[in-house]
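Have a look at the structure below, then the notes.
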Amino acid sequence: MSNRVEAAQKSAENIFGAVHGPLMPKVICDHGEGIYLFDQNGKRYIDFSGGPHVVSIGHGNKRVKDAMLQQMDKVSFFFRGFWLNEPLMALAERVIKVSPPNLTMCQFCNSGSEANETAIKLAHQYHIEKGEPEKHMVISRWQSYHGMTLGALSVSGHSLRRNKFGLLLHQWPKIGSPLCYRCPYDLNYPSCKIKCAQALDEIINQVGPQYVSAFIAEPIGGAGTACMVPVPEYYPMIREICDKHDVLFIDDEIICGFGRTGKWFGIEHWGVKADIITSAKGMTGGYTPMAVVIIDQKIGEVFTRKGAAFIHGFTMEGNPVSATAGLTVLDIIEKEGLVERAAKLEEHFFMRGREKLAHHPTVGDIRGKGLLMGIELVKDKQTKEPFDPALRAANRFQQIAMEKGCMGYPTTGVDNGIRGDTFLVSPPFIITEDEIDTAFDMLDEAFTDFEKEFC
Ligand SMILES: Cc1ncc(COP(=O)(O)O)c(C=O)c1O
């Protein structure tokens, strides 16, 4: 091991929460360029997971760097309570322009968790201002992930991430996920009559609609369900149920928003309206931490009518340097047609992914949309039995893939919240078909090596 790596690993011990023990990284990320990351020895890796799911326009974009520096030359920070913030106004206008037409306002924050925290509070205050202060519960799905802060974790159905903090969380009800590969209701589509959507109506009736504020869901699954794509009937049914009970639909597009699935927002694949969209990762492409909550006009109008302010905000929210980064990234996404590019690449991405990987005995399922793919790793392809969680199969696969030069994101818990290994890939939108082929060749080899250890 090089001195530089040893020194970095030693200093990493000063960072609480860093990955220690067998999962401690063994390479330094030295720099990035386009779809590639380079380590301390100059070895090149395809950033095939983009972050996870962050890097939209690629690494090292000079336009973004120059715009941020120019803004820093002027001013890096001022408090939002005292000054109008021009880059932020421009960013808000841009976000609204590409958002579904019913969403006409936005509030910015610094992470996906903060955005969902904001949405949960906003939904409740909306009902308070409307004269229904008891509507407070947010219903969500098992195997979902909405963030690490206490409100966002309360609505996350990710058992591994929740369990140690159970006493701190709201124990709000959750329904099964629309994951056909592992249907939580043991049914088959279409004879199931979309039981996973009907479950929302049942649970709202059981707990009492007068207590339910919102339903939150990722349009296409993330860490918990590895890019699960619900059937076409699912979101129209969810929308109808929400309307029937005056429950807001919070659409968590932290991953899917701003082009990842081949449309500006994932929910557009179902042609369904959300009342609140939260988004983050690809919006600034990793150039700065930033997230957004985009809000239906009817919500804004209730606050305006009451003359009420939303009692919520963060010191750093919408700071001018982050706003400039967001604005430039969105400009690049729009001008270079990167959403359309993600949509166009989908066919090749999934065709090549299936061709190279589906034959492997440990690949149970490949699913997703646009440039967002989940690969489920199984011990037994016929029975779908997952690996023993103690083996950390997804983490081991990630290490092997990285040795081959391909980055991907390992997750666990898809089966019952505790078991089930998955590997997510979501490359920058600027990737070419040839680069996709190279990455899947690397993953093909990685599965061959993985199976020597695990089969
Ligand atoms: C769907 C979804 N929501 C929320 C979050 C939380 O975002 P952050 O890690 O920026 O707090 C994530 C993070 O991966 C996510 O995938």
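The values are calculated or read from the model by the stated rules, or taken from the named source; none is laboratory data. From a predicted model like this one, the values you see are computed outputs, not experimental measurements. Heads up, the Cβs are rebuilt from the backbone with ideal geometry, glycines too, and the neighbour counts pull from every protein chain shown.
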Q: Would you mind stating whether Ala223 is modelled with pLDDT under 95 and either touching a strand residue (DSSP E or B) at 6+ places or on another chain (Cβ under 6 Å) or under 23 Å from Ala123 (Cα atoms) (or both)?
A: yes
Q. Pairs under 9 Å by beta carbon, first residue at positive phi in region 275-292, partner within 12 Å of the ligand (Cβ to nearest atom) and among the aliphatic types (A, V, I, L, M), six or more apart or different chains?
A. Gly285/Val54; Gly286/Val54
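Scan region 140-164 for residues that are of a type outside the set (Lys, Arg) and either away from the ligand (no atom under 16 Å from the Cβ) or more than 23 Å from Tyr211 (Cβ to Cβ) (or both) and jot them down.
Gln143, Tyr145, Met148, His158, Ser159, Leu160, Asn163
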Q. For Met407, all conditions in the list (1) under 29 Å from Ser56 (Cα atoms); (2) touching a Pro at 6+ places or on another chain (Cβ under 8 Å); (3) not small (Gly, Ala, Ser) hold save one; what is the number of the exception?
A. (2)
Q: Select from region 144-170 the residues that are modelled with pLDDT under 95 and either in contact with a Pro (Cβ under 6 Å, 6 or more places away or on another chain) or polar (S, T, N, Q) (or both) and list them in ascending order.
A: Ser159, Asn163
(Q) For region 208-233, give me each residue that is buried (at least 24 other Cβ atoms within 10 Å of the Cβ) and either among the small types (Gly, Ala, Ser) or within 10 Å of the chain's Cα centre (by Cα) (or both). (A) Ser213, Ala214, Ala217, Glu218, Pro219, Ile220, Gly221, Gly222, Ala223, Gly224, Ala226, Cys227
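Restricting to region 241-277, give me the number of residues that are of a type in the set (Asp, Glu) and either in a loop (DSSP other than H, G, I, E, B) or touching a Lys or Arg at 6+ places or on another chain (Cβ under 6 Å) (or both).
2
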Q) Quick one: how many residues across region 116-143 are touching a residue at least 60 places away in the same chain (Cβ under 8 Å) and assigned to a loop (DSSP other than H, G, I, E, B)? A) 7
Q) Just one of Ala115, Ala119 is modelled with pLDDT of 95 or more, near the ligand (Cβ under 10 Å from one of its atoms) and buried (at least 24 other Cβ atoms within 10 Å of the Cβ); which is it? A) Ala115
Q. Considering region 1-51 alone, what residues qualify as being farther than 29 Å from Glu433 by Cβ and of a type in the set (Val, Ile, Thr)?
A. Val5, Ile15, Val19, Ile28
